[in-house]
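J.: What follows is a structure written as structure tokens; I'll ask about it next.
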Amino acid sequence: MPILRRLLIPIALCLLAVQSPSAASPDLPGRLERGNSFLGIHFDFHAGPDCTEIGRNTTPAMIENIIDQVRPDYLQIDCKGHRGLSSYPTRVGNGAPGFVGDPLRVWREVTARRGVSLYMHYSGVWDSEAILKDPTWAVINADGTTNANATSFFGPYADALLIPQLRELAGDYGVDGAWIDGECWASMPDYSPAALAAFREHTGIQDVPRKPGDPHWFEFLEFHRDAFRQYLRRYIAEVKRTHPRFQLCSNWAYTDHMAEAVNAPVDFLSGDYSPEDSVNSARLSARYLVRQGKPWDLMAWSFSRKPGKDGASQKSAPQLQREAAVVVALGGGFQAYFKQRRDGSIFDDQMPVMAEVAEFCRARQTLCHRAEPVPQIALLLSTGGHYRRINGLFNRDLARVSGTLQALLEGQHSVEVVGEHMLAGRMAEYPLIVVPEWEYLDPPFRADLLGYARAGGSLLLIGPQTAAMFLADLGVSPEGNPSTELSHLRHADVSAPLKGPAQRVKPAEGSQVLGGLQPTASVQTDPAPAATVARLGKGRIAATWFCLGQAYAGARNEAVRRFMRDLARELFPEPMVEVRGSTDVDVCVARKDGRLLVNLVNSSGPHQSEPIVDSIAPVGPLEVVIRMATQPARVSLEPGNRPLPFEHRDGQIRLTVPKVDIHDVILVEPPPQR
């Protein structure tokens, strides 16, 4: 792009924002900012060279029908997908081949008139068309080839295309904001001359690593992670400089993809969790986002990439309602993704399903939205450990965390997934902190964990590699090195095969042993401890000597689940809430407006193995104990304001929930103030 044109584009767009009579005001009465929004719909279609009649069937009636049926707080629609071709007639970007009118103006006019916010789906780092037009904008791979999709942080892409186009959307079209896709998770290490020169200057390292295992590989990835942060902060600042009310989110930034403290001025956090095994994906992401200190929502795919048994790929209303329940129970907002046709219109016959899901969510909004979890069990998603484990910039490698989380949740424990920054200064709020299978933790943080235990907390370390960082305090003597020989867990009256290495240890006198590890080939051999628990100051420190998270993620089984439940109860014997009657219910304890909320989410069924679920069998009856010193004014089952009979004695509320279809909330009203 000529330099003069690059300089004139921002000026022209600022003039358009002032002069264009069709530009909608971003603070139109009745339109919610994203931070106050709860429910939305996402549409995209990633326009390609085949899209020659975009807008032909985009009518006001089509958009009115969406709003009438679903009544969303916002709509989020396609404007530039990963291919890089814009699905509206842009003046500064790379447009798709053909348009019938200006469909984006139709979307904006209707949503503005109806008081519904409008956000853009815009592919950021991933822009294949920009690279086709100018390969010098691309990341250079380690082998010297040009990356076909990822743009370079060290090239002109942000100044020449990204920022001008976002200003066009904010100024000329008056849309409320953008959900920038293809960002942290699409970013790649860059071997372009500009990137390598910057790396050498910044670090002083001259020999550039080319692959995992090479010297300074971690430093090379960290340099590029910081380059992404700077890119993100810079383009947000530039867009906000001219359009301060334009709201921006970078998809999956500061989530379990990019597990770190928020360090860029994003307006909200969001991500589209896995379209398959969605319940487990949402379980983890929601529990991390809730403590990030920003408004947040999660997006379900309304369809699966893997067809079900009858060939159908569209999810049912009950399936999407449960996916929504996982998010809503943690206090988050919810949106669902539906496809657009290649001309940009939508599939009207899919909206009744979303209308059912919306009704389900709205019934829980006042009760749950922005509720705050009551600290019970903290499961560590370590920033330092995560970034040292992965071999990309912001990709996921969380099976071990997810496996431990699932085992805890399926023992009916209330769990948050937290980073080091979320625990800083507030470790003591959690009766139990669990550290799952990290090979590295920053030394000052390790010291903080030990200080937490010595002061009276309970610390549980999962797996021999994690435990090895705390050997001096665990009260055991290792015997040999970790091995796959100890491949069977025995606990109570159940047993299960294991995955991953295990460590044989000899406990010191006074240490407690739970469960046994047995070589499969030799049942006569004395079992090794599966877990040990030792006193540490005023508190306790425990470790499992096998890779519990890997074992459970690979095969959910009763032995590991019961072992984890009993071990957690040993370390945390009096949780605020105990639920018995089914392992297929997630418990989330929260507070809002002075009231206690016990969320019960039905997690039953083959959602891990079957992509499409038409119905969900209810769970129950459930026996519930809630520890509360004073007798509550009232206990009800919500939504529906259904009174729950209860007994209060010895500081405990005891009650029975007959069944949970998908998501119910036990609402405990405090006694009146005197």
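Here, each number is a calculation from the coordinates, and none is a lab measurement. Bear in mind that the values here come from a model prediction, so they are computed numbers and not experimental data. Cβ atoms come from the backbone with ideal geometry, glycine included; neighbour counts cover every protein chain shown.
J.: Among 240/306; 133/339; 339/659; 592/659, which pairs are too far apart, with a Cα-Cα distance over 30 Å? Kindly include the intermediate steps, with their values, before the conclusion.
T.: Values: 240/306 40 Å; 133/339 28 Å; 339/659 35 Å; 592/659 24 Å.
From the list (240/306; 133/339; 339/659; 592/659), the Cα-Cα distance tops 30 Å for 240/306; 339/659.
J.: Work out the length of the dipole vector of region 375-574 about its Cα centre, built from +1 on the beta-carbon of each Lys and Arg and -1 on the beta-carbon of each Asp and Glu, and round it to the nearest 20 debye. Please report the intermediate quantities before stating the final value.
T.: Working: 19 positive and 19 negative charges, 17 e Å.
My answer is approximately 80 debye.
J.: Measure out, as a whole number of angstrom, how far apart the alpha-carbon centroids of region 444-500 and region 551-572 sit.
T.: 14
J.: Give the separation of the Cα centroids, region 293-359 to region 119-171, in Å.
T.: Answer, in whole Å: 29.
J.: Which loop trypsin sites (Lys or Arg not before Pro) in region 359-448, with loop taken from DSSP, have no more than 12 other Cβ atoms within 10 angstrom of their Cβ? Write down the numbers at each step before the final one.
T.: On the way: sites: 362, 364, 370, 388, 389, 396, 400, 426, 446; in loops: 370, 396, 426.
Answer in residue order: 426.
J.: Something else: Starting at the first residue of region 644-651, write each ³J(HN,Hα) from the Karplus equation 6.51 cos²θ - 1.76 cosθ + 1.60 with θ = phi - 60°, in whole Hz, x for Gly and Pro.
T.: 10, x, 8, 10, 10, 7, 6, x
J.: Taking neighbour Cβ counts within 10 Å as the exposure measure, how do 176, 226 sort from fewest upward? Could the numbers behind the result be given before it?
T.: Working: 176 29, 226 13.
By the 10 Å Cβ count, ascending, the order reads 226, 176.
J.: For 572, 563, 99, what ranking results if the residue with the fewest other Cβ atoms within 10 Å of its Cβ goes first?
T.: On the way: 572 19, 563 28, 99 22.
Final ranking by Cβ density, sparse to dense: 572, 99, 563.
J.: Could you point to the residue in 604, 265, 401 farthest towards the positive end of the chain's charge dipole, with +1 and -1 charges on the Cβ of Lys/Arg and Asp/Glu respectively?
T.: It is 265.
J.: Are there trypsin sites (Lys or Arg not before Pro) in region 497-544 that DSSP marks as loop and that have at most 13 other Cβ atoms within 10 Å, and which are they? Provide the component values of the computation, followed by the final result.
T.: Values: sites: 499, 504, 535, 538, 540; in loops: 499, 504, 538.
Answer in residue order: 538.
J.: Residue by residue through region 496-513, what is 3J(HN,Hα) from phi via Karplus (6.51 cos²θ - 1.76 cosθ + 1.60, θ = phi - 60°)? Round to whole Hz and write x for glycine and proline.
T.: 7, x, 10, 10, x, x, 10, 10, 7, 9, 10, x, 6, 4, x, 6, 9, 10
J.: Can I ask one more? Under a 5 Å amide H to amide H cut-off, with H placed in plane at 1.01 Å, what residues pair with residue 127 once short-range neighbours are removed?
T.: Under 5 Å from the amide H of residue 127 lie the amide H atoms of 151, each far enough along the sequence or on another chain.
J.: Rounded to the nearest 10 degrees, what's the angle between the helix 443-454 long axis and the longest principal axis of the chain, both from Cα atoms, 0 to 90?
T.: Rounded to the nearest ten degrees, it is 40.
J.: Calculate one ³J(HN,Hα) per residue across region 126-139 by plugging θ = phi - 60° into the Karplus curve 6.51 cos²θ - 1.76 cosθ + 1.60, and present them in order as whole Hz with x for glycine and proline.
T.: Karplus-based 3J(HN,Hα) across region 126-139 equals 7, 8, 5, 5, 4, 6, 4, 6, 8, x, 6, 7, 8, 5 Hz.
J.: Positive end of the dipole of the chain, charges at C-beta (+1 Lys, Arg; -1 Asp, Glu), about the Cα centre: which of 453, 145, 115 has its Cα farthest in that direction?
T.: Of the listed residues, the answer is 453.
J.: Let me ask you something else. Charges at C-beta only: +1 for Lys and Arg, -1 for Asp and Glu. How large is the resulting dipole of the chain about its Cα centre, in Debye rounded to 20? Write out the running numbers ahead of the final one.
T.: Working: 70 positive and 76 negative charges, 193 e Å.
Approximately 920 debye in magnitude.
J.: Another one. Using unit Cβ charges (K, R positive; D, E negative) and no other charged atoms, how large, in debye to the nearest 20, is the dipole of region 578-669 about its Cα centre? List each step's numbers first, then the result.
T.: On the way: 10 positive and 13 negative charges, 89 e Å.
Charge dipole of region 578-669: 420 debye, to the nearest 20.
J.: Same structure, new question: In what order do 42, 421 fall by count of nearby beta-carbon atoms within 10 Å, going from fewest to most? Before the final figure, lay out each step's value.
T.: Numbers: 42 26, 421 17.
So the residues, fewest neighbours to most, are 421, 42.
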